[in-house]
Structures are given as C-alpha cells and as structure tokens.
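What follows is one structure encoded as structure tokens, with my remarks underneath.
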Amino acid sequence: MINVQNITKSYGSIEALRGVSFDIQPGEIVGLLGPNGAGKSTAIKIITGFLHPDEGLVEIDGLNVLRELQAVQGKIGYLSENTPLYPELSVQAYLGMIADLRALPASEYIGLLSNAVYGTGLQDYLTRPIASLSKGLRQRLGLAQAILHKPQFLILDEPTVGLDPTQIVEIRALIKSLAQESTILFSSHILSEVEAICDRVVIIINGEVKADQRLSELSMSNDATLVLQQDSDDVQQSLTGLDGVRTIRQFRSSDDYPAYRISGSADITPQIYAVARDRNWAVRELRRDTVTLESFFNQLATTA
Ligand code: ADP
C-alpha cells in the first residue's frame, strides 16, 4: 500500500503542495489528475523519494520513503517526466545498465529482461541505438526500465505526454496490462486517459486534493431531469415538498420544452414520477442524470 500523509512542499514562495493525503491499496490503478501546475509531478517526486517534502510522510509497503529509500526503490518502478535515456546505447545495453544499477541477480537477468522487453513490445528493437527510436518507442523503453525488476509498485509521471494518438492507445493498453502485476499510480492532465485506465482518481488542483473518487461510483448521481410537453404552474410547488429534494432549477431543454433539474439526497426519480402521474403532467422525459468525469472535474475546477 502507498500511504501519503499530509505532504506540503514550497518552491520559494510557490506553494506546490498543501497538505496532500491519499492511500493506494494493493492492486489498484489510481490516476493523479490535475491541470498543469497543480502539483502532480511534485507529489510523484516526493512519493518516489526524489524530493523531500517540507512536511508530511510517505510510506510504501510500510516503509518510510525518506528513511528507507533504498529498500523503497527496490519495490518501485518509476517513469519520470524525462527519464534519462542514453542515446548512444542500444536498447539491450541500456536495460543491461539498469539491471546493473539495480544489482539484479545474473541468474534472473534473462527472465526479467525478456519479461520487460516482451511486455513493452520492444523485442524487435533490442539492437537499435536509442537515438534512432521514435518518441513512442522511447516511452516504451522508459516503461521497460521501470518494470525490469518486476516492481510491486509502478509510478508513472504523465506516461503518454508527447505521444501521437496511436502510441497513446498502445501505452494505455500496456499500462492496463501491467496492472496485473503491480499497483499503479500515474499522473495525467487528460481526463479521457484517466477514465480509460484507472479504477480511482485523485484530483489535485492548486496543490490540494479536491476529490478522491472511485470511477465506478461516479455515475451514481442524485440529480434528476424532468422535461414536460407544456408549462404547468404547479411544478415547483409540487416538487419542493418531496422527501429528499434539495433544489429545483427551471430551464428550457435544447429542443425548447420546459425542463427542471432537481437535485436530491438520494435517487428521487420514483417520487417525481408518482407526483407527475398524480398531477397529470404531460411528461416528455424523466431521467436520473449521470455524472461524467469531465462534468465532475469541471465542477471542482470552477469552485477551486
Ligand atoms: P504539475 O506536475 O501538476 O504540472 P508541478 O508539480 O510540476 O505541477 O508544479 C507545481 C507548481 O510548482 C507549479 O506552479 C510549478 O511552476 C512549480 N514548480 C515545480 N517545480 C519547480 C521548481 N523546481 N522550482 C520552482 N517552482 C517549481
């Protein structure tokens, strides 16, 4: 488990992180989502032990990242924003160098190398100099070095940044497949990416966690939309007193019918339906609204 407790970090007068806390359970794949400048990279550098927080604590698998850094680094694979790749080395020589740096046992090296190379689809490029690789292939190599030692935790900073759409699809699929072996935290400023890859999203805006949300629970909105065929002057009054109704907002639907957005403390569509039938309203549409990650994020961003 990754446990981030109340971390703060300032660069001079810039407060990059202000009391950030969240947990990641074993086997989860969690997206750290936020606009550029929100503090994602800073958080990831602190979680991986590359940067010291001003305050707060990070534990990975029960180990204190600052005090037990070496043990922690054995458990994590890290793809930073700019993973240093040495252009003059071949893919194989580079991964060999990483294996040496990680002091991987020689007896396990071939197995680990082939796992990382096949896992990232680099088998046809082993002898190619890194200088000749496309951006997408370099990103795969960055992932290969991150997974070489079969880490329990994989931490990826903006893994698809700078890639073309085909490469993005490939890398996303690759990350999902890596989740079978590792607990994954990755950062992104792209909503669709987080939606495509992860189970849970931690939204960070202006250095603060604004939401920690399981995506499967996001679509359960308690808002309902009622659209009528014609105006009826008892709607507001009839709905206001209903159990669970919080607010009612009237608007015109896109095809110009009288419409109401009713927010509730639970699913209120059955009660609305009963009232509509009782009052003989000509109902054009009654639905429980769904929340997309985009609408959820935009609401947070505008209230930040
Ligand atoms: P993100 O990864 O979400 O884009 P960062 O963690 O890179 O955000 O940055 C958070 C804030 O800290 C930004 O305002 C950024 O300009 C600032 N920042 C990041 N790194 C440094 C640094 N080395 N020196 C000064 N300011 C920095």
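The residues of the range 18-37 that are more than 19 Å from Leu79 (Cβ to Cβ) and surrounded by 23 or more Cβ atoms within 10 Å (Cβ to Cβ) amount to a single one, Val20.
Given the structure, is Leu143 closer than 26 Å to Pro26 by Cα, modelled with pLDDT of 95 or more, crowded, with 21+ Cβ neighbours inside 10 Å and not charged (D, E, K, R)? For Leu143, the condition - closer than 26 Å to Pro26 by Cα, modelled with pLDDT of 95 or more, crowded, with 21+ Cβ neighbours inside 10 Å and not charged (D, E, K, R) - is not met. Within the range 1-21, how many residues turn out to be of a type in the set (A, V, I, L, M, F, W, C) and farther than 17 Å from Ala38 by Cβ? Residues flagged as of a type in the set (A, V, I, L, M, F, W, C) and farther than 17 Å from Ala38 by Cβ within the range 1-21 amount to 2. Scanning the range 107-117 for residues that are under 28 Å from the mean Cα position of the chain (by Cα) and among the polar types (S, T, N, Q) turns up just one, Asn115.
For the range 51-69, the condition of being among the basic types (Lys, Arg) and in contact (Cβ under 8 Å) with a residue 60 or more places away in the chain holds for none of the residues. Considering only residues of the range 6-17 that are more than 9 Å from the ligand (Cβ to nearest atom) and in a strand (DSSP E or B), which is surrounded by the most Cβ atoms within 10 Å (Cβ to Cβ)? Here the answer is Ile7.
Yes/no per residue for (1) part of a helix (DSSP H, G or I); (2) of a type in the set (A, V, I, L, M); (3) in the same structural domain as Ser177 (by TED's automatic domain parsing):
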{"position": "Glu88", "(1), (2), (3)": "no, no, yes"}
{"position": "Ala93", "(1), (2), (3)": "yes, yes, yes"}
{"position": "Gly96", "(1), (2), (3)": "yes, no, yes"}
{"position": "Asp100", "(1), (2), (3)": "yes, no, yes"}
{"position": "Leu104", "(1), (2), (3)": "no, yes, yes"}
{"position": "Ser107", "(1), (2), (3)": "yes, no, yes"}
{"position": "Gly111", "(1), (2), (3)": "yes, no, yes"}
{"position": "Ala131", "(1), (2), (3)": "yes, yes, yes"}
{"position": "Ala144", "(1), (2), (3)": "yes, yes, yes"}
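Per the conditions (1) surrounded by 15 or more Cβ atoms within 10 Å (Cβ to Cβ); (2) closer than 30 Å to Glu81 by Cα, the sole criterion not satisfied by Ser177 is (1). Only residues that are more than 16 Å from the ligand (Cβ to nearest atom), more than 14 Å from Arg140 (Cα to Cα) and not charged (D, E, K, R) were counted in the range 155-191, giving 6.
The residues listed here are Thr166, Thr120; of these, the one that is surrounded by fewer than 19 Cβ atoms within 10 Å (Cβ to Cβ) and over 19 Å from the mean Cα position of the chain (by Cα) is Thr166.
Is it true that Ile76 is within 20 Å of Leu174 (Cα to Cα) and surrounded by 21 or more Cβ atoms within 10 Å (Cβ to Cβ)? Yes; evaluated as a whole, the condition is true for this residue.
Close Cβ contacts (under 6 Å, 6 or more residues apart or on different chains) running from residues in the range 151-169 that are assigned by TED's automatic domain parsing to the domain that holds Asn36 to residues that are among the polar types (S, T, N, Q) and part of a strand (DSSP E or B) comprise Phe153/Thr183; Asp157/Ser187; Glu158/Ser187. A single entry from Val20, Val30 fulfils the requirement of being assigned to a strand (DSSP E or B), of a type in the set (Val, Ile, Thr) and within 15 Å of the ligand (Cβ to nearest atom): Val20.
Each residue in the range 182-239 was checked for being polar (S, T, N, Q), in a strand (DSSP E or B), in contact with a Pro (Cβ under 8 Å, 6 or more places away or on another chain) and not assigned by TED's automatic domain parsing to the domain that holds Lys75, and 0 pass. A single entry from Ser254, Ser238, Ser295, Ser263 fulfils the requirement of being loosely packed, with under 11 Cβ neighbours inside 10 Å and small (Gly, Ala, Ser): Ser254. Screening Pro35, Pro84, Pro53 for residues that are outside any strand (DSSP E or B), at pLDDT 95 or above and out of contact with any Pro (no Cβ under 7 Å at 6 or more places or on another chain) leaves exactly one candidate, Pro53.
The values are calculated or read from the model by the stated rules, or taken from the named source; none is laboratory data. Here the structure is a predicted model, which means the values were calculated and not measured. Don't worry about glycine lacking a Cβ; one is built from the backbone with ideal geometry, like all the others, and counts go over all protein chains shown.
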